[in-house]
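For reference, the structure discussed in these notes is given below.
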Amino acid sequence: MGTMGWVTLTAAASIYYIIPKIYNTEIYSVKIANTHFWLVLIGQLMFSITMWITGIQQGALWKAVTPEGSLKYTFMETLAKNYPFWQLRTVAG
């Protein structure tokens, strides 16, 4: 996740720096560039955190067993418990 966020922000910063240099102009709006940075940062953090939570939760649910030794949750129940995190990840994207 860190690599994905780093590459995205580095690519955007490079474009914001290189394009004005190529055309010998100034950046159109520093405020828009800063807004873009913060939106990407917040979205990336939300995306990463929800993926971590979903992975840990899903693994725990798959390993949960009843006292008799059978699985406590079905595959569909584990998927249903992930829906809120998937929806939050969609918003973050």
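The values are calculated or read from the model by the stated rules, or taken from the named source; none is laboratory data. Predicted model only: the values in this text are computed from it and were never measured. Please note: Cβ atoms are built from the backbone with ideal geometry, for glycine as well, and neighbour counts cover all protein chains shown. The protein model used for the area step is the full one, side chains on, heavy atoms only, and it has no ligands, DNA or RNA in it. Shrake-Rupley method; radii C 1.70, N 1.55, O 1.52, S 1.80 Å.
May I have the count of lysine pairs in the chain with C-alpha atoms under 19 Å apart, counting pairs 8 or more residues apart or located on different chains?
4
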request  = Would you kindly calculate the mean projected area, averaged across all directions, of the convex hull enclosing the Cα atoms of the chain, in square nanometres?
outcome  = 7.3
query = Which of the GluC sites (Glu not before Pro) found in the stretch 12-93 are in a DSSP loop and have at most 10 neighbouring Cβ atoms, other than their own, within 10 Å?
reply = 26, 68
inquiry  = Just to be sure I understand the model, the point goes 7 Å from the Cα along the line to the Cβ. What's the resulting residue 28 to residue 16 distance in nm?
reply    = 1.4
remark   = the chain, Gaussian network, Cα under 10 Å: of 74, 66, 50, the residue fluctuating most is 66
note = The answer for the chain, accessible area per residue at 1.4 Å probe in Å², is 77
note = Under the Karplus relation with 6.51, -1.76 and 1.60 and θ = phi - 60°, whole-Hz ³J(HN,Hα) for the stretch 20-35, x at Gly and Pro, equal x, 5, 5, 8, 6, 10, 9, 4, 4, 8, 5, 4, 5, 4, 5, 4
The chain: most fluctuating residue of 24, 82, 34 per GNM, C-alpha cutoff 10 Å = 24
